[in-house]
Amino acid sequence: MDIDAINAVLGLGTLGFVLAFAYINLRQTEEQLKASRERREKRAAARAVPAE
């Protein structure tokens, strides 16, 4: 293998790692936002005063 091929392999590997890490981070953020919204809705429902 010459140096250009090695650089291409390392570059693509690094890019793949970054994309995989970004995907995992995106999914975790979505889960956290969903949980946060659910907690906020529960608090709002608990504070709501029922009409008589």
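Rule-based calculations on the coordinates, nothing more; no lab input. Not measured: the values here are computed from a predicted model. Every residue, glycine as well, gets a Cβ built from its backbone with ideal geometry; the counts of neighbours run over all protein chains shown.
3J(HN,Hα) along segment 26-38: 4, 5, 5, 5, 4, 5, 5, 5, 4, 5, 5, 5, 5 Hz, from the Karplus curve 6.51 cos²θ - 1.76 cosθ + 1.60 with θ = phi - 60°, whole Hz, x for Gly and Pro. Counting only Cβ charges, +1 for Lys and Arg and -1 for Asp and Glu, the dipole size of the chain around its Cα centre is about 580 debye. Considering only Ala46, Ser36, Gly13, and ranking their Cα positions along the charge dipole of the chain that arises from unit charges at the beta-carbon of Lys, Arg, Asp and Glu, the one farthest toward the positive end is Ala46. From the Kirkwood radius over Cα pairs of the chain, Stokes-Einstein at 4 °C and 1.567 mPa s returns a whole-number translational diffusion coefficient of 88 µm²/s.
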